[in-house]
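Okay, structure first, notes after.
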Amino acid sequence: MTAGSPPERKRTLYGRRQGRKLRPGRAALLDEMLPRLSVPLPAEGAALDWRGLFPRPVEDLWLEVGFGAGEHLAWQAARHRHVGLIGCEPFVNGITTLLRAVEDMGLDNVRVHAEDARQVIDALPDASLGRCFVLFPDPWPKKRHHKRRFIRPETLDALARKMKNGAELRLASDNQPLVDWMLWHVRAHGAFEWMARGPRDWRERPEDWPPTRYEAKQLHGTPVFLRFRRLPRR
């Protein structure tokens, strides 16, 4: 760590960092684009100036945790040019796929954090997030690994602080035990309201929720789509 740089936020990050070897073009994207699009974390205790991340004014901030190959993130960014989006993903191959989409689609409202999403969440000002996506996270099926699941009380505490009143938390999984886990923990937390009014609300994809390649594989079962609203602060 160089003099004057912010202290490192130590976190345990599970899962793969890289799959197959990158082709030269993808490696070049990583070297050239990622430094420009990376989120500079502030010093410990300071709040991230998220509006300053983007080259033009944006009206809202959305966060995607674990964006995979980035199809969903790029789709949302292209259709909501007035919104700034931060995507968090440590898997290098997925990052390069998103960077290609950002370049091809001319997206100037996307920023990337190639480390633990909790670092960005911790750095955001309170009540700054308008939407958060956690789509098809690793189910960590073994009981001894349940502590690695992203949706758990301490993460929900952090999201509740960072999300605006009325902000939307979107979760999805094709793993039924994880769906049950996420639904129970979010409903038990107290800061979020489940928006479903009937089975169609979680069985059918909303129109503004595009499919991804991972989802199409249905590795574990039928996808479930969960939407929650941040309740007003007391």
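Quick note: the coordinates plus some simple rules give every number you see, no bench work behind them. Note that the coordinates shown come from a computational prediction; the quantities given were computed from them, not determined experimentally. We place every Cβ from the backbone using ideal geometry, glycine too, and count neighbours over all the protein chains shown.
What does a probe at ARG56 reach in the stretch 103-126, counting residues whose amide N is under 16 Å from the point 7 Å along Cα→Cβ?
Under 16 Å, as judged by backbone N against the label point of ARG56, lie 103, 105-111 of the stretch 103-126.
Under a plain spin-label model, where a point goes 7 Å from the Cα along Cα-to-Cβ, how far apart in nm are ASP108 and ASP138?
So the two model labels end up 3.7 nm from each other.
May I ask you to derive the relative contact order of the stretch 27-230, considering only C-alpha pairs under 8 Å and at least 6 residues apart, and to give it as an integer percent?
Values: 350 pairs, mean separation 40.7, N = 204.
Across the stretch 27-230, relative contact order equals 20 percent.
At q = 0.17 Å⁻¹, what base-10 log of I(q)/I(0) does the Debye formula yield for the chain when every alpha carbon is treated as an equal point scatterer in vacuo?
Values, matching the q order: -1.43.
Per residue, how much space in cubic angstrom lies within the convex hull of the C-alpha atoms of the stretch 91-201? Don't skip to the answer; put the middle values down first.
Working: hull volume 15.9 nm³, N = 111.
Each residue corresponds to 144 Å³ of Cα convex hull volume.
Name the helices (complete DSSP H segments) of the chain with a Cα length along the long axis of 15 Å or more and a Kyte-Doolittle mean of at least -1.0, or state none. Let's see the in-between values first.
Numbers: long enough: 92-105 (20 Å, 0.53); 176-189 (20 Å, -0.11).
Answer set is 92-105, 176-189.
At 37 °C and 0.692 mPa s, grab the translational diffusion coefficient of the stretch 128-193 from Stokes-Einstein with a Kirkwood Rh over Cα pairs, rounded to a whole number in µm² per second.
Details: Rh = 12.3 Å.
Once the numbers are plugged in, D ends up at 267 µm²/s.
Would you compute, from DSSP H runs of 4+ residues alone, the mean residue ellipticity of the chain at 222 nm, taking -39500 (n - 2.57) per run and dividing by the full residue count, rounded to the nearest 500? Can you show the working numbers first?
On the way: 9 runs with 76 residues, N = 234.
So the helix-based figure for the chain works out to -9000 deg cm²/dmol.
In whole Hz, with x marking every Gly and Pro, tabulate ³J(HN,Hα) for the stretch 111-124 from phi via Karplus 6.51 cos²θ - 1.76 cosθ + 1.60, θ = phi - 60°.
After applying 6.51 cos²θ - 1.76 cosθ + 1.60, I find 10, 10, 10, 8, 9, 5, 4, 5, 5, 5, 4, 4, 7, 5 Hz.
Separation of the stretch 49-116 and the stretch 192-234 by C-alpha centroid, Å?
20
Under a crude label model (7 Å from the Cα following the beta-carbon direction), how far is ASP180 from GLU32 in nanometres?
A separation of 5.0 nm, rounded to one decimal place.
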